[in-house]
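A short worksheet on the structure shown next.
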Amino acid sequence: MGLAGLPVLAVQGRWVRRKTPRLPEASGEWRGCSGRANVAHNLYLLGESTIAGVGVDVMHKALAGQLANALSGESGSKVSWQALGKNGLKCADTTSELLPSFRQAQKDAAANLVVIALGVNDTTGLTSLNAWQRQLVHMLEEIRSVTDCPIVFAAIPPVHLFSALSQPLSTVLGARARLLDKALKDVAKAHSQVFHMDTVFSFQPDYLASDGYHPSEKGYRLWGEQLARQIHAAGLLERSEVQDDLIGG
């Protein structure tokens, strides 16, 4: 779409914001433990609304809890987890909004694995490709200052399939999401112990919450299961030492 189409996109964007219900972040504890094995690992999740559990009522139904459950099942280990997320967060905000809490948490329970879910707000907020790449690298440098554990970037979700978005806005934002996700993959390849993991499954309407924008409990479960299978296949938990000091312990 050329410049002539920009007014249409602007009108659609305002209409979507007005009509889409603003769902709250998940309530309850933002940390927990899955599994009862003697071998234990600490999982931290950082990111935007999907890490904050928007779309479900409590955190164990969101990506954090679902991924921990699936990882425990795949690995046979106990997985202690903590979610550090914020609705509306962009990559540029992570240094001030999330990383201070992450650094503090490492003093009590060192990470075995960090999973990051970002990119939808940078897609809709029109973050430039250069700024996105620069901000990702800066975020990785900040994380690496406190841990050398494996880091996983979850692929940016298929924005073009969000039912809250109509054409041509969904097509344009979908293309932007794929562009940013390609850059996300390139940044991961350029850094040691950093991985990009796709999620590929046949999309169904009930994978989305009532707002047509965030995952439902079912969507979060399928996402978590796919990530867990890839993480286990890559042996990422096994690369880190078993923890005596667990999140919330």
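The values are calculated or read from the model by the stated rules, or taken from the named source; none is laboratory data. No experiment lies behind these values; they were computed from the predicted model shown. Please note: Cβ atoms are built from the backbone with ideal geometry, for glycine as well, and neighbour counts cover all protein chains shown.
Key figures for this structure:
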read-out	value
Verdict on W15 being over 20 Å from L136 (Cβ atoms), aromatic (F, W, Y), out of contact with any Cys (no Cβ under 8 Å at 6 or more places or on another chain) and modelled with pLDDT under 95	yes
The stretch 189-202 residues that are free of Cβ contacts under 8 Å to residues at least 40 places away in the same chain, paired with ones that are surrounded by 11 or more Cβ atoms within 10 Å (Cβ to Cβ) (beta carbon under 8 Å, 6 or more apart)	K189/H196; V200/Q226; F201/L222; F201/Q226
Residue count, the stretch 194-221 (criterion: surrounded by fewer than 17 Cβ atoms within 10 Å (Cβ to Cβ) and assigned to a helix (DSSP H, G or I))	3
Selection status of I156, buried (at least 19 other Cβ atoms within 10 Å of the Cβ), at pLDDT 95 or above and assigned to a loop (DSSP other than H, G, I, E, B)	yes
Residues located in the stretch 18-28, provided they are modelled with pLDDT under 70, in a loop (DSSP other than H, G, I, E, B) and surrounded by fewer than 11 Cβ atoms within 10 Å (Cβ to Cβ)	none
Evaluation of Q226 against (1) farther than 27 Å from S75 by Cα; (2) touching an Asp or Glu at 6+ places or on another chain (Cβ under 9 Å) (one fails), failing number	(1)
Verdict on L136 being assigned to a helix (DSSP H, G or I), in contact with a helix residue (DSSP H, G or I) (Cβ under 7 Å, 6 or more places away or on another chain), modelled with pLDDT of 95 or more and farther than 30 Å from G248 by Cα	no
Residue match in the stretch 140-153 (condition: of a type outside the set (D, E), touching an Asp or Glu at 6+ places or on another chain (Cβ under 6 Å) and surrounded by fewer than 20 Cβ atoms within 10 Å (Cβ to Cβ))	no
Residues of the stretch 159-174 that turn out to be part of a helix (DSSP H, G or I) and closer than 17 Å to T199 by Cα, as a count	4
In the stretch 40-56, residue farthest from I143 (Cα to Cα) [restricted to those that are assigned to a strand (DSSP E or B) and touching a Lys or Arg at 6+ places or on another chain (Cβ under 8 Å)]	A40
Among the residues listed as G88, G35, G125, the single one being of a type in the set (G, A, S), over 16 Å from the mean Cα position of the chain (by Cα), over 20 Å from A188 (Cβ atoms) and surrounded by fewer than 17 Cβ atoms within 10 Å (Cβ to Cβ)	G125
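Every residue, every condition in (1) more than 15 Å from the chain's Cα centre (by Cα); (2) part of a helix (DSSP H, G or I), yes or no:
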site: T94; (1), (2): no, yes
site: P100; (1), (2): yes, yes
site: Q104; (1), (2): yes, yes
site: D108; (1), (2): yes, no
site: A111; (1), (2): yes, no
site: V114; (1), (2): no, no
